[in-house]
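K.L.:
After the structure tokens below, expect a handful of questions from me.
The values are calculated or read from the model by the stated rules, or taken from the named source; none is laboratory data. What you see is a predicted model; the values in this text were computed from it and never measured. Cβ: placed from backbone, ideal geometry, glycine included. Neighbour counts: every protein chain shown.
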Amino acid sequence: MKCRRTIPIICLLTIFLTLTTAGASAAESGIVIQEIYSDIESCDITVASSITIEDLTLEVQLLQKGRAIDKATIPIDRIETNSNIIKFVQWHTTSTPDGAYQIDAQIFNEKEEICSTEYEFIHGRQIIPDVIFEGIISNSEGVSAVIKPTDTSLADIEYMLVEGNDIIYFTKDEKISIHTNPLTVNKRWNTLLANNKKYTGRVKVRISDPGSIIVATDTFTSMDDAEITDIYKDEIGASATIAGNSQVPFDGYVRFTVYNENSDEIMESAIMRSPILLTEDDETVETIWKKRLTEGRYKLAIEIIGNDGDILDIQETMIDVEKVTVFSNDIPEGTNDGNSTPSFLITTALAAISAGAIVLRRKHF
């Protein structure tokens, strides 16, 4: 899996303390902050609505001992009736001492507050977590994580793809049986990604008993990716089977280059457009040489050229062209034309006899 990593793994345990909502105004507006999860590094907020509503503003603050140490203002363009959205905040703090922290979240319709919530968590205390993240990797294909529970339990595992403040892809596995042995979980992004854009993969594990949550995140820069899985070559042409390895659409080229065996002299070359490929897609790209290769040995290089002109994969091999033996039907000079039988008639007769023998044999058996 190829990726451009920009932020190290984040894996922190958070303890829930309080979550209170201004119920009256929320009920009147049809908007409610359904859930908040936060640690010292990041926060996700689930907002639900019983009506279709547009042009809201979510304001979130991270506080310690009543003092705001970071904040974010996030637009909510639209929420459909009886649906929810998830917003994401990456905290940027210079000092994170151990202790209690508070999240204040408010939703405004223009300047009117219609919903608010407070949430608290503890950071840095020495507590044995119910689950440990041993690693997480996110890239343009999806996200993979290794989790190690401290006890046997059931868990819901949520996978999120984050773009800016928005969760653009969300899925989950429910009631997964987890044991004390490490468990690898992974999920493919089933959405298209833009090329060369920053995204964050987020995995949230909810333990059913005692009801704790742990989260890990990993940031990556998206890129197109493809690889050569099979090739065919001879004196007439060559082909390559290309497989996509990214949710960034691969819209590149395949370059075939034939060299003299003992030098860098190019004997044949061709650049062919590839069909658009995504993860688990594969297509065969082929080319025909301008001139049939003559007897000898040649080097063949096949390269995949990405959307940005970079080489994503390359395979080198040899083409061994053997001498072609040509059988002639010409009648030698001095041969009596009247007494000789043309060779193509002899060949035809032999073929007919062989075919007849095969038919008789099949009838016999």
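K.L.:
Give the residue, chosen from A68, A100, that is surrounded by 12 or more Cβ atoms within 10 Å (Cβ to Cβ), modelled with pLDDT of 90 or more and of a type in the set (G, A, S). Steps first, please.
P.N.:
Details: A68 fails: surrounded by 12 or more Cβ atoms within 10 Å (Cβ to Cβ).
From the options A68, A100, the qualifying one is A100.
K.L.:
Still on this structure, I have one more. From the list I85, I69, I114, I122, pick out the single residue that is among the hydrophobic types (A, V, I, L, M, F, W, C) and either closer than 20 Å to R202 by Cα or within 34 Å of the chain's Cα centre (by Cα) (or both). Give the derivation first.
P.N.:
Working: I69 fails: either closer than 20 Å to R202 by Cα or within 34 Å of the chain's Cα centre (by Cα) (or both); I114 fails: either closer than 20 Å to R202 by Cα or within 34 Å of the chain's Cα centre (by Cα) (or both); I122 fails: either closer than 20 Å to R202 by Cα or within 34 Å of the chain's Cα centre (by Cα) (or both).
Result: I85 is the single residue among I85, I69, I114, I122 that is among the hydrophobic types (A, V, I, L, M, F, W, C) and either closer than 20 Å to R202 by Cα or within 34 Å of the chain's Cα centre (by Cα) (or both).
K.L.:
Any idea how many residues of region 118-147 are among the charged types (D, E, K, R) and at pLDDT below 90?
P.N.:
Here is the first cut: in region 118-147, the residues among the charged types (D, E, K, R) are 118, 120, 125, 130, 134, 141.
Checking which are at pLDDT below 90 leaves us with 125, 130.
Adding up the residues that qualify gives 2.
K.L.:
At pLDDT 95 or above, touching a Pro at 6+ places or on another chain (Cβ under 9 Å), surrounded by 22 or more Cβ atoms within 10 Å (Cβ to Cβ) and outside the structural domain of T279 (by TED's automatic domain parsing), is that true of L161?
P.N.:
Details: at pLDDT 95 or above: yes; touching a Pro at 6+ places or on another chain (Cβ under 9 Å): no; surrounded by 22 or more Cβ atoms within 10 Å (Cβ to Cβ): yes; outside the structural domain of T279 (by TED's automatic domain parsing): yes.
Here the answer is no, as L161 does not meet what is asked.
K.L.:
Turning to a different aspect of this structure: Considering region 71-97 alone, what residues qualify as being touching a Ser or Thr at 6+ places or on another chain (Cβ under 9 Å), more than 17 Å from I31 (Cα to Cα) and surrounded by fewer than 17 Cβ atoms within 10 Å (Cβ to Cβ)? Quick ask: steps written out before the conclusion?
P.N.:
Going through region 71-97, the residues touching a Ser or Thr at 6+ places or on another chain (Cβ under 9 Å) turn out to be 73-76, 78-91.
In the following step, the residues that additionally are more than 17 Å from I31 (Cα to Cα) were identified as 73, 88-91.
Residue satisfying the conditions is T73 alone.
K.L.:
Turning to a different aspect of this structure: Kindly provide the set of residues from region 107-135 that are touching a Cys at 6+ places or on another chain (Cβ under 9 Å) and crowded, with 21+ Cβ neighbours inside 10 Å, ordered by number.
P.N.:
I107, Y119, F133
K.L.:
Okay, next question. Which one of I236, I214 is in contact (Cβ under 8 Å) with a residue 40 or more places away in the chain, of a type outside the set (D, E) and assigned by TED's automatic domain parsing to the domain that holds G306?
P.N.:
None of the other options fit; the residue is I236.
K.L.:
Same structure, new question: Please list, ordered by residue number, the strands (runs of 3 or more DSSP E) wholly in region 180-299 having 3 or more residues that are within 30 Å of I132 (Cα to Cα) and at pLDDT 95 or above. Don't jump to the end; show me each part of the working.
P.N.:
Numbers: elements: 183-188, 198-207, 213-221, 226-233, 237-244, 253-260, 266-273, 282-288.
Answer list for region 180-299: 183-188, 198-207, 213-221.
K.L.:
Kindly state which strands (runs of 3 or more DSSP E) lie completely within region 32-123 and contain at least 1 residues that are farther than 15 Å from D166 by Cβ. Step through it out loud before you land on a result.
P.N.:
Working: elements: 42-49, 53-64, 67-79, 83-90, 99-109, 112-123.
Because the criterion is at least 1 residues that are farther than 15 Å from D166 by Cβ, the strands (runs of 3 or more DSSP E) in region 32-123 that meet it are 42-49, 53-64, 67-79, 99-109, 112-123.
K.L.:
Mind checking which residues of region 29-52 are under 16 Å from N82 (Cα atoms) and either within 33 Å of the chain's Cα centre (by Cα) or without any contact (Cβ under 8 Å) to a residue 12 or more places away in the chain (or both)?
P.N.:
Going through region 29-52, the residues under 16 Å from N82 (Cα atoms) turn out to be 29-35, 46-52.
If the condition is that a residue be under 16 Å from N82 (Cα atoms) and either within 33 Å of the chain's Cα centre (by Cα) or without any contact (Cβ under 8 Å) to a residue 12 or more places away in the chain (or both), then I33, Q34, E35, T46, V47, A48, S49, T52 are the ones that fit.
K.L.:
Looking at I122, I136, I128 in this structure, which one is farther than 30 Å from T57 by Cβ and touching a strand residue (DSSP E or B) at 6+ places or on another chain (Cβ under 7 Å)?
P.N.:
Details: I122 fails: farther than 30 Å from T57 by Cβ; I128 fails: touching a strand residue (DSSP E or B) at 6+ places or on another chain (Cβ under 7 Å).
Exactly one residue qualifies, and that residue is I136.
K.L.:
Only one of I122, I137, I178 is among the aliphatic types (A, V, I, L, M) and within 19 Å of E35 (Cβ to Cβ). Can you tell me which? Write out each step before concluding.
P.N.:
Working: I137 fails: within 19 Å of E35 (Cβ to Cβ); I178 fails: within 19 Å of E35 (Cβ to Cβ).
Testing whether each residue is among the aliphatic types (A, V, I, L, M) and within 19 Å of E35 (Cβ to Cβ) leaves just I122.
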